[in-house]
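Enquirer: I'd like to ask you about the structure that follows.
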Amino acid sequence: MSRSSSAFGKAVGVGVGAIVVVALGIQLVPYGRDHTNPAVVTQTNWDSPQTRELFYRACADCHSNETQWPWYSNVAPVSWLVMRDTLEGREQFNVSGGSSGREGQGGEGGESESPAERIQDGSMPLPIYLVMHPEARLTAEEKQLLSAGVEATFGASGVTAPAVASSP
Ligand code: HEC
């Protein structure tokens, strides 16, 4: 009996060792480590300070160039996920300018939805984001305010922002 339990113990030890080696090894993968935010090209002309505040609370980490990178965004494999969502989010809709257009419309991912629709149907902010960002949870009233605010700011259908170029 002691024999089999020690064999079991050994197997567990090897398993844990392998997990530790893999966990450390994946930290060497370069993807997801560069957290240099691109320059802010345009400033969005928000319809109100409140819209801006709600947007920065719930959306800006993935839809602006002012991403705040928490400590766990440095730890693989979470870093890969955070990087992917941030780059994809910016590509689709970016209040800091750059690729903020809807050029992907009808292409990959099918129909584009407006920010207001995304807020109302609960698909934005991405649910996984809320796990580590409870402050990004919006009450029904805040959803209402934010979707009305983004519509007033970006127009009913879209994300083609009437952005003002930040003057040099
Ligand atoms: C954790 C990162 C993250 C957060 C936070 C986030 N988004 Fe997104 N967003 C994405 C990603 C990734 C996509 C592309 C995949 C998809 O469409 O689901 C996306 C897509 C979108 C699109 C679709 C654009 C298009 O042209 O189809 C809109 C609109 C949008 N987000 C609005 C918002 C709004 C509004 C908020 C805040 C309430 C928000 N997002 C918060 C990552 C995020």
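Where a number appears in this text, it was derived from the coordinates with a stated rule and is not lab data. Here the structure is a predicted model, which is why all the values come from computation and not from measurement. As a convention, Cβ positions derive from the backbone with ideal geometry for all residues, glycine included, and neighbour counts pool all protein chains shown.
Enquirer: Subtract the Cα-Cα distance of residue 47 and residue 31 from 0.36 nm times their separation in residues, and report this length gain in nm to one decimal.
Expert: Net length gain for the segment: 2.1 nm.
Enquirer: Counting only residues 5 or more places away or on other chains, whose amide H sits under 5 Å from the amide H of residue 43 once H atoms are built in the peptide plane?
Expert: Close amide H contacts, sequence-distant or interchain: 164, 166.
Enquirer: When 63, 133 are ordered from fewest to most other Cβ atoms inside 10 Å of their Cβ, what list results?
Expert: 133, 63
Enquirer: Suppose R0 equals 41 Å. What FRET efficiency, 1/(1 + (r/R0)^6) with r the Cβ-Cβ distance, do residue 18 and residue 87 give to the nearest 0.05?
Expert: E(calc), rounded to 0.05, equals 0.85.
Enquirer: In what sequence do 112, 48 fall when counting other Cβ within 10 Å, fewest first?
Expert: Listed from fewest to most nearby Cβ atoms, that is 48, 112.
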